[in-house]
Every structure is written in structure tokens, then in C-alpha cells.
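Visitor: Got a structure for you, questions after.
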Amino acid sequence: MRTRLGLQELIILTRQIGAALKMKLPLHGAFESESVQAPGRIRPILSDLARDLAKGERLSLALSRYPRYFPKYYRDAVDAGEKAGTLAQVMDLLAIQMERSGESRMKRISTLVYPVILLFLLFLDAAFLLVFIVPKYVEIFSIFGLQLPKATRMLVSFSSIVMYHTPLILAFLALLAVGILYLLWSRSIFVHCLYWNMPFFSRYVRSAETAHLCRALKMFLGAGVTLPEALKASASIALNSYAGQLLANAAGQIERGEPLSAALKGNFSEALPWMIAATEKRGDLLQSLEPIASFYDDERQGLAETMRQVLEPVIMLAVALIIGFFVIAAYMPIFELPVHFGRIG
């Protein structure tokens, strides 16, 4: 049973809400139009929301009744937008955030597709060799009474492990696949904290989040929201859940009198506090947020390309080493056959 709207369904609905707000149309119309094309399990929920909104309820209150269908970050963002009077802009930013989050996830998946397929095919080939070929191979050489080389004996040991522990190996691979999918799709703070602090990859995550933060702050500050409230609202629509928690903490530091540059220091990229401090001195923070966001967008794209260029050769090298070991281990007994028969003769 589905417990949430699909990502594309939520993006379309969010765009429709934003368009309705900009054109000053009733919000319930957006939910009614989406309910027509929504899957059967989701349709009654959207119809109920349309009815609640037609009665004059606030959108955030209506959504709060369906926490299983709308993620917490989505409901928090809507609530922040209503309080700030910038709901239309927040809906646009939410749609952009979800699109970027989906694109980022698809890029991670597409980057891994080729290596994963390659490793999967390698695993199938290795399993076939270890289960069907190596035992016959050993049987043939045992007829001649040949002492197998160490590399070949290792190959035979691997074959025995695969043959006699196949269920355990398959269970391990299934758990590994589930774990990888969880890491790719989860929005838990624990997983996002791993992303935030993972060597090398963390720089990519922080660059994407910094660009998103700058655009969110520009929108909220431009609408007249105070800096602490703008940070809290930005936290609710953060791409990374752990970054959202850091922004909420930074909002508390600003409320205690610290400048934004000090509140962000040590949590985001090293250059960001320096950039923010310079704009604070000049008094043009709002005007400088978009150039800062563009800078981190460029950095993120460069890092993504670098990761792709590094990952593929590493995978190819690993595959070459494994195949090389199989070939050497299989051919070494053949090379020793003439010596063996010479001794017998």
C-alpha cells in the first residue's frame, strides 16, 4: 500500500499550487485536477484536501491531517511559507528542490549503473566458473596426481565456499542490495549525516546544499522575513535532513546575537563563512546570495564529473584484477603438466 505521493506526482501538484497562488485562483482547484489523474489509493486523499481547502482551511492545516502522504519537510515548508506570506515562492522552491533532489538521486544511480551491471555480470561469470567449471577442472588434474599451485588451491577453496554456502551468500547479496537502496532513497538524519561527513563525497553534498540554502535565504529575506526565521524556513526545505538540523541550530545562534557567518562556520564549506562575512561588512547580503549560489552550483557540477571519472577506472581495475587472478589460477596447472609428466617418465 502506498503511503506517500510519488515524487513526480508531488512535483506536479506543487507546481499547480504555486501557479494557482500566483494567479490568485482557489487552491482546491489544484487538488481537484490532480485527483482526477492520481492513482486510486491517492485520489480520495486529494479529494478530501480539496474539500477542506474549499471550506477555507489553511493549506498547512489540511496537509497536517495526512502525514503519511506528505513528507514532514514538505508540510514544514508550506507552514513556513504561509507564516512568511511567500507561499507561492515557497511552492516554486519546493518543486525545484524536489526536482533537484530527484535529479541528484538519478545521477547517483546512473553513475552506479554501469559499475553495478559490470560487477553483476562478473559475479555471474565467477559463480558459473566456481560452481560448474572449477570442480571438473580439479577432477581432471587429480587423475594425473598433480599437486595444484597455491593460486589454484585458493580458487578451489572459493569454489567450495560458493557451492556449500550458496544460500548464505545469496542472503548477504540481498541484504547488500537492500542496504544500497536504503542509502540512496532514505531521508533519515543518520543517513544524511553520513553523506555530509563522507570523505570526498561530502564536498559534493555540501556544495549542493549551500547553493540551495543561498536561494532559499534570498527568497525569504526578500519577502521581509527576519534572518532567524528565514534560516528556520530554509531548514524545513533543505535537500539534506542533517543540514536542515544544522540550519535550525544556526538560527538559534543568530537569535543569541551571533552573525550569520559565525553561525555557519564549521558546518558548511570553509569558504562560505568568509563570503558571508564579507557581505555582512558591505551590507549587501541579499544581493550577494545568488552569485554565491551560482559559484557552488559550478563547484557541484565539477565534483560530480570528477567522481564519475575516478569511479569508472577504479571499477575497471578491480574487474581486471579479479579476471586476471582467475586466468592465472586456471592456467598455472597446465604450465606444470610437462614438468609433471617429465618426472613420471
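Since every read-out is calculated from the coordinates, none of them should be taken as a lab result. Here the structure is a predicted model, which is why all the values come from computation and not from measurement. Glycine also receives a Cβ, built like all others from the backbone with ideal geometry; neighbour counts cover every protein chain displayed.
Visitor: If you line up the Cα atoms of the chain on their principal axes, what length do they span on each, largest first, in Å?
Guide: 98, 54, 29
Visitor: Ok, one more. Provide Rg and Dmax in Å for region 7-70, with only Cα atoms included in the calculation.
Guide: Reported Rg and Dmax, both Å: 10.8, 30.
Visitor: Sticking with this one: Using R₀ = 22 Å, calculate the FRET efficiency as 1/(1 + (r/R₀)^6) where r is the Cβ-Cβ separation of Asp284 and Arg203; round to 0.05.
Guide: Working from the Cβ atoms, E equals 0.25.
Visitor: Given the Cα atoms of region 139-255, and with Rh set as the inverse mean 1/r over their pairs in the Kirkwood sense, what is Rg to Rh to two decimals?
Guide: That ratio equals 1.41.
Visitor: Using only Cα atoms, find the angle between the long axis of helix 166-185 and the longest principal axis of the chain, and express it within 0 to 90 degrees, rounded to the nearest 10.
Guide: Relative to the chain, helix 166-185 is tipped by roughly 20 degrees.
Visitor: Could you go through region 237-242 in sequence order and give the Karplus-derived ³J(HN,Hα) for each residue, using 6.51 cos²θ - 1.76 cosθ + 1.60 with θ = phi - 60°, rounded to whole Hz, and x for Gly and Pro?
Guide: Per residue, the Karplus-derived 3J(HN,Hα) values read 10, 5, 5, 10, 4, 5 Hz.
Visitor: Using a Cα distance threshold of under 21 Å, what count of lysine pairs results for the chain when pairs must be 8 or more residues apart or interchain?
Guide: Lysine pairs, 8 or more places apart or on different chains, close enough: 16.
Visitor: Further question: Mind checking the full-extension length gain between Met154 and Ile133? Use 0.36 nm per residue of separation minus the Cα-Cα distance, one decimal, nm.
Guide: 6.1 nm
Visitor: If you scale each eigenvalue of the Cα gyration tensor by 5 and take the root, what three semi-axes come out for region 42-166, rounded to whole angstrom and sorted largest first?
Guide: Largest first, region 42-166 gives 63, 16, 11 Å.
Visitor: Any idea what the dipole of the chain comes to, in debye rounded to 20, about its Cα centre with Lys/Arg Cβ at +1 and Asp/Glu Cβ at -1?
Guide: With only Lys, Arg, Asp and Glu charged at Cβ, the dipole is about 560 debye.
Visitor: Now, a different point. Between Ser110 and Glu9, what's the calculated FRET efficiency when r is the beta-carbon distance and R0 is 25 Å? Round to 0.05.
Guide: The calculated FRET efficiency here is 0.70.
Visitor: Further question on the same structure: In nanometres, what is the gap between the two model label sites at Thr306 and Ala171, each 7 Å from Cα along Cα-to-Cβ?
Guide: A separation of 4.2 nm, rounded to one decimal place.
Visitor: If each Cα of region 203-280 is one equal point scatterer, what is log10 of I(q)/I(0) from the Debye formula at q = 0.13, 0.23, 0.26 Å⁻¹?
Guide: Evaluating at q = 0.13, 0.23, 0.26 Å⁻¹ gives log10 I(q)/I(0) of -0.32, -1.12, -1.46.
Visitor: Give the residue from Phe120, Trp274, Ala330 lying farthest towards the positive end of the charge dipole for the chain; charges sit on Cβ (+1 for Lys and Arg, -1 for Asp and Glu) and the dipole is referred to the Cα centre.
Guide: Of the candidates, Phe120 comes out farthest on the positive side.
Visitor: Averaging sequence separations of C-alpha pairs under 8 Å and six or more residues apart, then dividing by the length of region 7-70, give the relative contact order as a whole percent.
Guide: This gives 24 percent for region 7-70.
Visitor: Counting only C-alpha contacts under 8 Å and six or more residues apart, can you give the relative contact order of region 100-345 as a whole percent?
Guide: Result for region 100-345 is 23 percent.
Visitor: Separate question: Check which residues have an amide H placed less than 5 Å from Lys265's amide H, if you skip close sequence neighbours.
Guide: Here nothing satisfies the definition.
Visitor: For region 230-335, what does the relative contact order come out to in percent, with C-alpha contacts under 8 Å and a separation of six or more?
Guide: Relative contact order here is 12 percent.
Visitor: Sticking with this one: Taking θ = phi - 60°, what integer Hz values does the Karplus form 6.51 cos²θ - 1.76 cosθ + 1.60 yield along region 197-214, in sequence order, with x for Gly and Pro?
Guide: Working through the residues one at a time gives 10, 5, x, 6, 5, 4, 5, 5, 4, 5, 5, 4, 5, 5, 4, 5, 4, 4 Hz.
Visitor: If the elastic network links every pair of Cα atoms under 10 Å, which of Ser60, Ser160, Ser236 fluctuates the most in the Gaussian network model of the chain?
Guide: Ser160
Visitor: Across region 308-323, in residue order, what do the Karplus-derived ³J(HN,Hα) couplings come to in whole Hz, using 6.51 cos²θ - 1.76 cosθ + 1.60 with θ = phi - 60° and x for Gly and Pro?
Guide: For region 308-323, the Karplus curve yields 5, 5, 7, 5, 4, x, 5, 5, 4, 5, 4, 4, 4, 5, 5, 4 Hz.
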